[in-house]
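In what follows, a structure is listed as structure tokens, so that the remarks can point back to it.
The values are calculated or read from the model by the stated rules, or taken from the named source; none is laboratory data. Predicted model only: the values in this text are computed from it and were never measured. Reconstructed Cβ throughout: ideal geometry from the backbone, glycine too, with neighbour counts over all protein chains shown.
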Amino acid sequence: MNGSRLFETSDGTRLNVDSDGEGAPVFFQHGLCGDAGQTREVFPVEAGFCRITVEARGHGGSQPGPFKRLSIATFADDIAAYIETSLTAPVVIGGISMGAAIALRLAVKRPDLVKALILARPAWLTTAAPDNMAPNAEVGRLLQTLPPDEAKAAFLAGPIGQRLAAQAPDNLASLTGFFARQPIAVTAALLTAISSDGPGVTDEEVSRIVVPTLVIGHDQDVIHPIAYAHELAERIPAARFVQITPKTDSRTHYVADFRHAMSTFLKEL
């Protein structure tokens, strides 16, 4: 199943499906304005599982489709459709940041598809437009109103950019990269739509998730508060929390810790 292939959704949007490894399928979804490279980097290739990443609309090699349909709910529906047409459920489903929100929604809305759950660096709990997504919203707003270079300068000089420079330089590096992400109109639409969105689940529904769950978090991260990871691990009865090295301290250790946490969890299923 290694390589890339296209999957067409019910509304005709073509999505890129990226996979590698041999073994049981594990859906592992990227974050906002990311792609399969993000999941490929941290997935434990030795674990005997096959990583599958359906690049969400407007991400990686996937078409954006109608801008009005850019939402966490749509992204989750697309994955559900792929599983129903291409695989035998249930499967392990997880993701990073926005990918974690997608996975959380699927665990609540489509529990028949989910064997186990991985929530890495969650940026949402259950409410839409949390305060920690304000930096993404601001980048989207600036890209919709100014040329990219001017938008970037305004962001770096503004209070959000200054705060991130002091508190979360890795977050700042990711966000400043969005000003050059093409197509600009798609990037702006994604940042605006998704930063004001949420997984569309309730606290009660999350507390009823029964599958084995791994929650991964680290500190020095304004966009993905470690408190969110702790809270989800406490709310989900069968969850465990693992804290890993922040990318700001060491990207090498971050990747190694991430892979080790996932490998241990997957091998125990």
The conditions are (1) at pLDDT 95 or above; (2) β-branched (Val, Ile, Thr); (3) over 28 Å from Phe178 (Cα atoms), and Thr88 fails exactly one of them. Which is it?
(1)
Please work out which residue is modelled with the highest pLDDT, limiting yourself to region 47-58 and to residues that are more than 19 Å from Ser86 (Cβ to Cβ) and crowded, with 18+ Cβ neighbours inside 10 Å.
Gly58
Which one is surrounded by the fewest Cβ atoms within 10 Å (Cβ to Cβ) among residues in region 129-161 that are acidic (Asp, Glu) and within 21 Å of Met98 (Cα to Cα)?
Asp131
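Look at Asp170 and say whether it is acidic (Asp, Glu), free of Cβ contacts under 8 Å to residues at least 60 places away in the same chain and out of contact with any helix residue (DSSP H, G or I) (no Cβ under 6 Å at 6 or more places or on another chain).
So Asp170 fails the test.
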Could you please tell me which pairs satisfy a Cβ distance under 6 Å, a separation of 6+ or placement on different chains, a first residue in region 1-30 that is modelled with pLDDT under 95, and a second residue that is assigned to a loop (DSSP other than H, G, I, E, B) and of a type in the set (Gly, Ala, Ser)?
Gly23/Gly48
Of those in region 200-255 that are part of a loop (DSSP other than H, G, I, E, B) and touching a Phe, Trp or Tyr at 6+ places or on another chain (Cβ under 6 Å), the residue nearest to Ala168 (Cα to Cα) is Lys247
Looking at region 136-149 only, could you name the residues that are out of contact with any Gly (no Cβ under 8 Å at 6 or more places or on another chain) and either touching a residue at least 12 places away in the same chain (Cβ under 8 Å) or aliphatic (A, V, I, L, M) (or both)?
Asn136, Ala137, Val139, Gly140, Arg141, Leu142, Leu143, Gln144, Leu146, Pro148, Asp149
